[in-house]
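Novice: Mind having a look at this structure? Questions to follow.
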Ligand SMILES: Cc1ncc(COP(=O)(O)O)c(C=O)c1O
Ligand SMILES: [Zn+2]
């Protein structure tokens, strides 16, 4: 696979090294599908994801030794949360169960295959946290040197979760939006293959989540798919997966995609609501949802185009709505995701309350990352812990049992 296309201007290009930006308009380039002689198939006899979905991936082959066991995450019914509501049945696709605790591993797994096959010894990424850990882990697995450029203000727990894999790390002061493009330019010069959020191989890796959802629903397409949205890579990957399924005749329907941003950083929702085809970058972002706080998302215009063409929806939710959804998901269903992921559930709650969720079928919220990654987000909450004395335990516990 060496042909790439720009969703924005339609130009196809054969880019050099790892700088996948359109030479004409600067928008991200995505893998262009080159039809082979037969139909593409899901190879159910293969258990390794990159082999099972090989017909849909831009790789000549995949080395299972580079895998950390990503994918095959559960699709869990959320029957308590949706009990009594006249809405499509609700499920969570729990991407927190990936090797480094987030969906990023799906994309990193594919992007690292490509980097190794192309002879790179050094990879890198620009990250707000999850991608740093994921890229550093897969870099370590493949015996590569990994360079991680972190957004200023990345929570220290996220920095540590990446540092343990031994990458070269730096926090970068300055405009995070520009850092994305600077890293690609410098990476090409220095022989570091930067696998950033819109890397076309990474985006293709995210498609596998979509194929899995389709199989887990008994070869059906969900009516709604809720995805937290920042740079846009994940949503674009998922949208492409269902386009593949349609194109190959696996499905005759397409989900309504709902991209959810944090109110304090929602440049794409603003553009969507005012009918613009290009977003305006924000000057300031203010949200607890650090991992989806990108004021200049590199895939933003592509997302707007795809959402418009596929009649999707973009909405925003407040920090309180996210944190409330996070708590409800944990306390009623036993799933602990990070606030950024709970944005998807908060979006489901909000859209449903507005009467926007009717019909049968299934609605899926994608839980993109584990709550254990962002314990600091819970620090402001009261800790409901009682203090008891061992000598008095019987009486104390009885008193608690009466109130519970
Ligand atoms: C937990 C989590 N959810 C969602 C996203 C958003 O994904 P994307 O940047 O591909 O839109 C991120 C991005 O870092 C993330 O870490
Ligand atoms: Zn272009």
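A short reminder: the numbers here are calculations on the coordinates, not readings from a lab. Note that the structure is predicted; figures quoted are calculated from it, not measured. Here the Cβ positions follow ideal geometry from the backbone for every residue, glycine too, while neighbour counts run over all protein chains shown.
Novice: Place a point 7 Å from the Cα of residue 34 along the Cα-to-Cβ direction; which residues of segment 189-205 have their backbone N under 17 Å from it?
Specialist: The answer is 200-201.
Novice: Hey, another quick one. Could you give the length gained by full extension between residue 140 and residue 43, i.e. 0.36 nm per residue of separation minus their alpha carbon distance, to one decimal place?
Specialist: 32.0 nm
Novice: Here is a follow-up. Mean separation of Cα pairs under 8 Å and 6+ residues apart, divided by the residue count of segment 258-399: what relative contact order is that in percent?
Specialist: Values: 177 pairs, mean separation 30.9, N = 142.
Once divided by the residue count of segment 258-399, the mean separation gives 22 percent.
Novice: Still on this model: For the chain, taking Cα atoms only, what is the radius of gyration to one decimal and the Dmax to the nearest whole Å?
Specialist: When restricted to Cα atoms, the chain yields Rg and Dmax of 21.2, 77 Å.
Novice: Here's a follow-up. Compute the orientation-averaged projected area for segment 46-191 from the convex hull of its Cα atoms and round it to one decimal in nm².
Specialist: For segment 46-191, the mean projected area of the Cα convex hull comes to 11.3 nm².
Novice: Nearest-5 percent of antiparallel DSSP beta bridges in segment 114-266?
Specialist: 5
Novice: In the chain, what % of DSSP beta bridges are antiparallel (nearest 5)?
Specialist: On the way: 12 of 44 bridges.
Close to 25 percent.
Novice: Between residue 392 and residue 379, what length comes free when the chain is fully extended (0.36 nm per residue of separation minus the Cα-Cα distance, one decimal in nm)?
Specialist: 1.7 nm
Novice: Something else now. Using Cα springs under 10 Å in a Gaussian network model of the chain, which residue among 110, 385, 221 shows the largest mean-square fluctuation?
Specialist: 385
Novice: When the chain is fully extended, how far beyond the present Cα-Cα distance does residue 63 get from residue 284, taking 0.36 nm per residue of separation? Don't jump to the answer; show the numbers that get you there.
Specialist: Values: separation 221, 0.36 × 221 = 79.56 nm, distance 4.25 nm.
Taking residue 63 through residue 284 to full extension adds about 75.3 nm, to one decimal.
Novice: While we're on this one: When the helix-only estimate is applied to the chain (DSSP H runs of n ≥ 4, each -39,500 (n - 2.57), divided by the residue count), what is the mean residue ellipticity at 222 nm, nearest 500 deg cm²/dmol?
Specialist: The helix-only estimate for the chain comes to -11000 deg cm²/dmol at 222 nm.
Novice: How high is the relative contact order of segment 268-337, given as a whole-number percent (alpha carbon pairs under 8 Å, six or more residues apart)?
Specialist: 27
Novice: Using Cα pairs under 8 angstrom and six or more residues apart, how large is the relative contact order of the chain, in percent?
Specialist: This gives 17 percent for the chain.
Novice: Oh, and also: Just need log10 I(q)/I(0) for segment 291-351 at q = 0.21, 0.22, 0.28 Å⁻¹, Debye formula, equal scatterers on the alpha-carbon atoms, no solvent, rounded to two decimals.
Specialist: Calculated log10 I(q)/I(0) at the listed q: -0.87, -0.91, -1.10.
Novice: Assuming R0 = 35 Å, what is the FRET efficiency of residue 311 and residue 402, from their Cβ-Cβ distance, to the nearest 0.05?
Specialist: Working: r = 53 Å, r/R0 = 1.52.
Efficiency for this residue pair is about 0.05.
Novice: Now, a different point. Can you pull the one-decimal nm distance between simple spin-label points at residue 80 and residue 188, each 7 Å off the Cα toward Cβ?
Specialist: 5.2
Novice: Sort 220, 284, 104, 373 by Cβ crowding within 10 Å, fewest neighbours at the top. Working shown, then result.
Specialist: Working: 220 14, 284 7, 104 35, 373 24.
Sorted ascending by nearby Cβ count, the order is 284, 220, 373, 104.
Novice: Over the Cα atoms of segment 181-320, Rg to Rh with Kirkwood Rh, two decimal places?
Specialist: 1.00
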